[in-house]
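A.B. asks: Following this message is one structure expressed as structure tokens.
The values are calculated or read from the model by the stated rules, or taken from the named source; none is laboratory data. Just so it is clear, the structure is predicted and the values come from calculations on it, not from any experiment. Glycine also receives a Cβ, built like all others from the backbone with ideal geometry; neighbour counts cover every protein chain displayed. Heavy atoms of the whole protein, side chains included, go into the accessibility calculation; ligands, DNA and RNA do not. Shrake-Rupley method; radii C 1.70, N 1.55, O 1.52, S 1.80 Å.
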Amino acid sequence: MDNRINEIRRRMSVLRTEMVRVEDTMHEQIRHDLDSTEAAMRLMAMRAELAALVAEWKAAGGSELLPTIEERLKANKRQAQKPTTAAHR
């Protein structure tokens, strides 16, 4: 059972890394006023795949806490940015 859980965790990690790459591509396309539909659709599909992996991981007995987005960003040496609005300026 541990091998199955570890394999699922490995697949989740690989998927998260790929998601960051696709998200960066999407943001670059947006910055250059290009169509980012394909990247956005791919990212949504990847999110659905990640949710399925999390469910599979839990069903296999995975029980430790998964990192939050902020924790993942800090681990990747990125800073989580809080959205700013005109009211906060």
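A.B. asks: Can I30 be described as of a type in the set (A, V, I, L, M, F, W, C) and open to solvent by less than 50 Å² (accessible area, probe 1.4 Å)?
C.D. replies: It is false that I30 is of a type in the set (A, V, I, L, M, F, W, C) and open to solvent by less than 50 Å² (accessible area, probe 1.4 Å).
A.B. asks: Another question, then. With the structure loaded, tell me whether I8 is in contact (Cβ under 8 Å) with a residue 24 or more places away in the chain and open to solvent by less than 100 Å² (accessible area, probe 1.4 Å) or whether it fails that test.
C.D. replies: Yes; evaluated as a whole, the condition is true for this residue.
Condition check ((1) touching a Pro at 6+ places or on another chain (Cβ under 7 Å); (2) at pLDDT 95 or above; (3) over 20 Å from A75 (Cα atoms)) across all residues:
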residue: N3; (1), (2), (3): no, no, yes
residue: N6; (1), (2), (3): no, no, no
residue: M12; (1), (2), (3): no, no, no
residue: D35; (1), (2), (3): no, yes, yes
residue: R42; (1), (2), (3): no, yes, yes
residue: A45; (1), (2), (3): no, yes, yes
residue: A48; (1), (2), (3): no, yes, yes
residue: G61; (1), (2), (3): no, no, yes
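A.B. asks: I need a count of the residues in the range 46-64 that are open to solvent by 50 Å² or more (accessible area, probe 1.4 Å) and assigned to a helix (DSSP H, G or I).
C.D. replies: Of the residues in that region, 9 qualify.
A.B. asks: Ok, one more. Would you call D24 part of a loop (DSSP other than H, G, I, E, B), exposed (fewer than 12 other Cβ atoms within 10 Å of the Cβ) and at pLDDT 90 or above?
C.D. replies: In short, no.
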